[in-house]
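Let me begin by presenting the structure, written as structure tokens, before commenting on it.
The values are calculated or read from the model by the stated rules, or taken from the named source; none is laboratory data. For clarity, every value in this text was computed on a predicted model and none was experimentally measured. Here the Cβ positions follow ideal geometry from the backbone for every residue, glycine too, while neighbour counts run over all protein chains shown.
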């Protein structure tokens, strides 16, 4: 078996500061969020801003401030270097109002945004920023679910506007904002296609990605939606087997489109990482042997490295070259779920080892802050491929069924999004009922 000592060794203690000597002189960013509920803050929309720290410190601090705050940094960060030196696009995995909070993050090098039902559940339920629009929608007789989608679509449209310059500068290569179809449709092939068409029409922005889950029922939906010329972010991919099916659906969709120019139909495949380790680590703990315990924290990065190998294989050869002649663009691999769930692991565990060209890393606050602060920019995704293969094989020999891991995580992911969606609708209904009573 190949050595497994180098690839993603999460052996640091919680609370340790992780930094690379090569990057110790880099400016550091930390992100702080404060409650929007204070009456003092409601007079002016909060926004993130980037501020130089006092002279005796070397870090940049991203702070919440009132509107017309202290502005955004123009100095290049690790995120700029990630894109310029390694061809990986850093995206932000979060969205809330005011959407102008994204401006300093864009200045820091963020090149796109992803959202999901859980993100919107947290944004809408924890903020008063949506209340006025919601009140107007309820007064106009909108039902609760319709009101929800109007709240979401406004955020997506506003974010698309902010990222449009990046989309234009890269000729449609970057600058996307993702919005997901209803999680209720995760097992509905036809319903997903119709929802994707509906969302795409309503958002009406060239740089929107319609998110479709990679469930068995929705893989055919992906092909159909791509064939209609709609760009797609395929989400909830947890296994190599399902990932290959997603790539094939993209290629099939391009071939079925009948378009002479395929350059405006793009896609990303969101391959989830940290959740893989969460589940596999639990399985390894149950096995309990020294060999099993030594593999904890290594499954996700190993599988991701093999996914990149599969990506390189599938987007080459005669079939792909024929599509390239029509302007087709590769379906980029996107690393999702990049925040560390186990505090004993390095906080850049799912970013630093997954750097490679033509990929995307979408990071929530924790991972984004950590990578800006002390991430190391270097091509790593295929630097230890033999080790990744060794880890993957070693886990199989211990009885880890990769397809079963993928199935379980997919089911949990779909259920989680459904619960967030339903919870938010309940909260909105209660708020809507309260508004109706107040108006009597």
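Here are the numbers for the structure shown:
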quantity	calculated
Those residues of the stretch 122-139 which are buried (at least 21 other Cβ atoms within 10 Å of the Cβ) and under 20 Å from the mean Cα position of the chain (by Cα), in sequence order	124
Identity of the residue in the stretch 374-389, in contact (Cβ under 8 Å) with a residue 60 or more places away in the chain and either closer than 20 Å to residue 337 by Cβ or out of contact with any helix residue (DSSP H, G or I) (no Cβ under 8 Å at 6 or more places or on another chain) (or both), that ends up surrounded by the fewest Cβ atoms within 10 Å (Cβ to Cβ)	386
Members of the stretch 390-412 found to be outside any helix (DSSP H, G or I), in contact (Cβ under 8 Å) with a residue 40 or more places away in the chain, surrounded by fewer than 19 Cβ atoms within 10 Å (Cβ to Cβ) and at negative phi, listed by number	398
Test result for residue 142, over 25 Å from residue 361 (Cα atoms) and either surrounded by 15 or more Cβ atoms within 10 Å (Cβ to Cβ) or under 21 Å from the mean Cα position of the chain (by Cα) (or both)	yes
So residue 150, is it out of contact with any strand residue (DSSP E or B) (no Cβ under 9 Å at 6 or more places or on another chain) and either under 22 Å from residue 270 (Cβ atoms) or touching a residue at least 24 places away in the same chain (Cβ under 8 Å) (or both)	no
One residue from 249, 256 being buried (at least 24 other Cβ atoms within 10 Å of the Cβ), closer than 18 Å to residue 197 by Cβ, free of Cβ contacts under 8 Å to residues at least 40 places away in the same chain and over 20 Å from the mean Cα position of the chain (by Cα)	249
Given (1) out of contact with any strand residue (DSSP E or B) (no Cβ under 7 Å at 6 or more places or on another chain); (2) surrounded by fewer than 20 Cβ atoms within 10 Å (Cβ to Cβ); (3) farther than 17 Å from residue 274 by Cα, number of the condition residue 344 does not satisfy	(3)
Single condition residue 357 does not satisfy, out of (1) surrounded by fewer than 20 Cβ atoms within 10 Å (Cβ to Cβ); (2) touching a strand residue (DSSP E or B) at 6+ places or on another chain (Cβ under 9 Å); (3) part of a helix (DSSP H, G or I)	(3)
Filtered residue count, the stretch 188-216, keeping only those that are within 21 Å of residue 120 (Cβ to Cβ) and outside any helix (DSSP H, G or I)	12
Of the criteria (1) under 27 Å from residue 214 (Cα atoms); (2) free of Cβ contacts under 8 Å to residues at least 12 places away in the same chain; (3) surrounded by 15 or more Cβ atoms within 10 Å (Cβ to Cβ), which one residue 415 fails	(3)
Candidates 168, 155 - the one that is under 24 Å from residue 328 (Cα atoms) and modelled with pLDDT of 95 or more	168
Among residues of the stretch 284-314, those that are part of a loop (DSSP other than H, G, I, E, B) and within 22 Å of the chain's Cα centre (by Cα), counted	2
Residues (over 24 Å from residue 178 (Cα atoms) and part of a helix (DSSP H, G or I)) located in the stretch 360-389	373, 374, 385, 386, 387, 388, 389
